[in-house]
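Structure first, commentary second.
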Amino acid sequence: KYKIRPSFYTLHTYYFAEAHLRNRGKAQAMYISPMRDAIDAGLRPTNHTDFVVAPLDQMFMLWSAVNRMSRGGEAIGPDQRVTTLEGLKAMTIWAAEQYGEQDSKGSLTPGKRADMVVLDRNPLESQPLAIKDIKVVETIKEGKTIYTAK
């Protein structure tokens, strides 16, 4: 109706959960970045890192959306966890839609830019807690390799 799309910062569940628990209480802290509720309501949210507040690490951001664990290992709003596929869409397809760039970005489709990363393993086949350990092997921008891991 309002043509809005939420963008969440699920890294809060890891980096700042303890502060939120202290300052805001358990009920509010458990509802940090409620991505599951947004998806269940029919929205297509995105996820972001707030770099330089937290490191720029897309696999760790995906890990935070899928696992919602604090630094201390506590589940923070486990009912707001998303699937790995939903987390990837929030970083790719849905992000391109949010910026109105879905005709040229967001998925690997003929006619779109060939912007992608090659990972050392498939996040969709990885255990949720191992997602943060997935490494980028190569980055391709507009069909050209711009980064190769050593």
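The values are calculated or read from the model by the stated rules, or taken from the named source; none is laboratory data. What you see is a predicted model, and the numbers here were worked out from it, not measured in a lab. Neighbour counts run over all protein chains shown; Cβ positions are idealised from the backbone, glycine included.
Just to be sure I understand the filter: pairs with C-beta atoms under 6 Å, separated by 6 or more residues or on different chains, first member in region 8-23 and farther than 9 Å from Arg71 by Cβ, second member part of a helix (DSSP H, G or I) and among the polar types (S, T, N, Q). Which pairs pass?
Pairs that qualify, where the first residue is farther than 9 Å from Arg71 by Cβ and the partner is part of a helix (DSSP H, G or I) and among the polar types (S, T, N, Q), are Thr10/Ser64; Leu11/Ser64; Thr13/Ser64.
Quick grid of which residues meet (1) at pLDDT 95 or above; (2) in contact with a helix residue (DSSP H, G or I) (Cβ under 9 Å, 6 or more places away or on another chain); (3) within 21 Å of Pro128 (Cα to Cα):
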| site | (1), (2), (3) |
| --- | --- |
| Arg71 | yes, yes, yes |
| Ile76 | yes, yes, yes |
| Thr84 | yes, yes, yes |
| Ala90 | yes, yes, yes |
| Ala95 | yes, yes, no |
| Leu108 | no, no, no |
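Here is a yes/no grid of residues against (1) farther than 19 Å from Ser7 by Cβ; (2) out of contact with any strand residue (DSSP E or B) (no Cβ under 8 Å at 6 or more places or on another chain):
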{"position": "Asp40", "(1), (2)": "no, yes"}
{"position": "Leu43", "(1), (2)": "no, yes"}
{"position": "Phe51", "(1), (2)": "no, yes"}
{"position": "Ala65", "(1), (2)": "no, no"}
{"position": "Met91", "(1), (2)": "no, no"}
{"position": "Ile134", "(1), (2)": "yes, no"}
{"position": "Lys141", "(1), (2)": "yes, yes"}
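Starting from region 35-52, keep only residues that are more than 18 Å from Ala96 (Cα to Cα), then list their pairs with residues that are of a type outside the set (A, V, I, L, M, F, W, C) and surrounded by 13 or more Cβ atoms within 10 Å (Cβ to Cβ) whose Cβ atoms are within a distance under 8 Å, requiring at least 6 positions of separation or different chains.
Arg36/Gln80; Arg36/Arg81; Asp37/Gln80
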